[in-house]
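Working notes for the structure below.
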Amino acid sequence: AVLCRFPLSRVTHSVFVRSVMSIKSLAFALLSVVSTISYAAENDAGTFYVGLDAGSGKVKKDPLTPNFRITSESDRIDGGRLYLGYQISPKLSVELGAVRPSDYKQSATNGFISYNARVETKNHDLTLFYKLPELLPGLFVLGGVTYSTITTSVQFPLLRTSTSVRKTDTDFTWGGGYETNLFGNVDGRVMYARYAGTNLVTVGLKYRFK
């Protein structure tokens, strides 16, 4: 009698790998179909929408006064962006946004004199969003211009004096993210943006008027 021995462990592993790959392929296909349907429904041209993004970003600045050494500073800035948008075409939209980030604080010394500073920033932006459904429905890139009003208040405890300076600045905004329909006319999105000189990661909701 001849006994045939099959490499059961190798066969089982191969079947398992093929099953996992099949499940992944099926899940990706279903996600693509659902995203495509959602993309078609979400992006009717000629519609207005409103939304709110909230996020946080890491910040690092030089001493506000030359020849001073920073002793403490805010390492993160949090904020929200309220915006009104218009869907120009299924792929292209434009948004007018207003951002109020948390204040940046910095303390520094030069060995003899120290100061405590607070920087308050108010931003307004005009930004274009362009969707890339060929790569993945819901994927988008963005680019625009940011106009900022910056008020810097500095106190010198030893001298018992303070000063305040206000200026305006213009900067470019760029980034990208992903958006999907949550329910009805409500969409959710997550994005990264270089905004007013700060790297921000945000999540948000928007409501489409129809």
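Values quoted throughout were computed directly from the atomic coordinates according to the rules given, and no laboratory measurement underlies them. Remember, predicted model here, so these are calculated numbers, not experimental data.
The lysines whose alpha-carbon is closer than 18 Å to the alpha-carbon of Lys206, local same-chain residues fewer than 8 away aside, are Lys91, Lys131.
Note on the range 129-204: semi-axes of the ellipsoid equivalent to its C-alpha gyration tensor, largest first and rounded to whole Å, are 39, 14, 10.
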